[in-house]
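A.B. asks: After the structure tokens below, expect a handful of questions from me.
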Amino acid sequence: ADRGASPLDVTGRVRPALAGFEPYDPAFTPCRINLSANENTHPLPASVTEAMRAAAVSCALNRYPDPMANDLRDLLAAWHGVERANVMVGNGGDELLFNLLFTFGGPGHALVTCPPDFSEYANFAKMCETPCVEVWRDANTFEVDADALVDAARSASLVILTSPNNPTGNLLDPALVRRLLDETNALVLVDEAYVEFAGTPSHLGEDASLVCWVAGCPRLMVLRTLSKAFGLAGLRAGYLVADPAVIDALASIRQIYSEDVLAQAVAAAAVSRRRELVGVVADVVAERERLAAGLAAIPGVEVWPSAANFLLVRLPGASRVRARLRDEYSILVRDFSYAPGLADCLRLTVGTREENDRLLDALSILAREEA
Ligand code: PMP
């Protein structure tokens, strides 16, 4: 962190649970090709960008936003076949995750996670003084141990599962969600940030994800975001589909104006035209498969199958390879080699065809040199 030269020492003033807490570090360095944060680098159709631009231009910025983003909520509810009361919009999925931990966590209200997963779960739990019980995934397949998870969930308040999982790319077996709902009393969040890349039928059409279950399962919550398939990571729009009682509880603590006027209007335009994004998602998926095949053909590189817009790979000297990709090729990817269970692993966001070709060329050279 950039602490400057301040003589003020806040150590004893910071909330004790946050002592020594480090900010989340996306490890961003400006590079010509950025494949580090699972953004969508494929251009959106002009019809969609035009609709978003028109929506942005007509925003009245002197007025406060609608606190609950009801127009956007209605569009999302209609898409997913639920009621407005089932939908909460947030400043990215991150805000909703934090608010969930703040609302349903706390001392004595344990969270169960299945690492390796999205590291913000554990960070937000810590900020909200929530004990975190980790049920580790299989070291090779990254599958969740169903019995161990159900056992841990019996005494937990909240379980977070990710499908497809970040950074491992694999899908969750819906039968496990069913078991958790049937055999425990926990709230179960399925984080579907990447679900639109998970295949057919397209999750941008009439929905086929676990969102469909929410109406019949009051303890199931599904998180989605416009940061990935919709290519809007810079806009900050995510949403939760859950029981109205959960939405009400979250509404009572949220920052009322967290979703700004521009984000609401642009997100609504994008959601209205979501079917026009099916081709973009199909291109990303086709590129993912092409990139995976190219990576698997490089001696020494191991690739896991992925249902998301990124690939997890293992190769000798991963950390050095990542630094050399950045310094010698101006390609930024994410290093996970420091993370428990992910020794020598890198996470590669699927880029455009040209970006992926550059990455493959560079990696074939570096993998040979580092072998
Ligand atoms: N969930 C998962 C699994 C993610 O990987 C991310 C983004 N990296 C998010 C949620 C949050 O995304 P956003 O805040 O951009 O909606």
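Values in this text are rule-based calculations from the coordinates and carry no lab data. Model, not experiment: these values are computed from the prediction. Cβ: placed from backbone, ideal geometry, glycine included. Neighbour counts: every protein chain shown.
A.B. asks: How charged is the neighbourhood of ARG322? Take every other residue with its Cβ under 12 Å from the Cβ of ARG322, and add Lys/Arg as +1 and Asp/Glu as -1.
C.D. replies: Within the 12 Å Cβ shell, the charges total 0.
A.B. asks: Something else: Using packing as a proxy for protection, rank 86-93, 244-251, 311-318, 360-367 so that the peptide with the highest average count of other Cβ atoms within 10 Å comes first.
C.D. replies: Highest to lowest by the protection proxy: 86-93, 311-318, 360-367, 244-251.
A.B. asks: Roughly what % antiparallel, to the nearest 5, for the DSSP beta bridges in the chain?
C.D. replies: 50 percent
A.B. asks: Inverting the mean 1/r over all pairs of different Cα atoms, compute the Kirkwood radius of the range 250-309 and quote it in Å.
C.D. replies: After inverting the pairwise mean of 1/r, the radius is 15.1 Å.
A.B. asks: By how many nm would the segment from ALA19 to ASP147 grow when fully extended, if each residue of separation counts as 0.36 nm and the alpha-carbon distance is taken off?
C.D. replies: 42.6 nm
A.B. asks: Still on this structure: Report the gain in length on full extension from ASP248 to ARG368: 0.36 nm times residue separation, minus Cα-Cα distance, nm rounded to one decimal.
C.D. replies: Fully extending the segment from ASP248 to ARG368 adds 37.6 nm.
A.B. asks: Here's another thing I want to ask about it. How long are the three semi-axes of the equivalent ellipsoid for the chain, computed from the Cα gyration tensor as the root of 5 times each eigenvalue, in whole Å, largest first?
C.D. replies: They are 31, 26, 23 Å, listed largest first.
A.B. asks: Something else about it: Within 12 Å, Cβ to Cβ, of LEU180, how many net charges do the neighbouring residues add up to if Lys/Arg are +1 and Asp/Glu are -1?
C.D. replies: Residues near LEU180 contribute -1 overall.
A.B. asks: I would also like to ask the following. Assuming R0 = 35 Å, what is the FRET efficiency of LEU262 and ALA27, from their Cβ-Cβ distance, to the nearest 0.05?
C.D. replies: Efficiency for this residue pair is about 0.80.
A.B. asks: At 0.36 nm per residue, and after removing the present C-alpha to C-alpha distance, how many nm does the segment from ARG179 to ASP283 gain when stretched out fully?
C.D. replies: 34.0 nm is the gain from fully extending ARG179 to ASP283.
A.B. asks: What is the local net charge at ALA152, summed over the other residues whose Cβ is closer than 11 Å to its Cβ (Lys, Arg +1; Asp, Glu -1)?
C.D. replies: Summing Lys/Arg as +1 and Asp/Glu as -1 gives -3.
A.B. asks: Take the alpha-carbon centre of the range 1-57, take the same for the range 85-113, and report the distance between them in whole Å.
C.D. replies: Centre-to-centre (Cα) distance: 20 Å.
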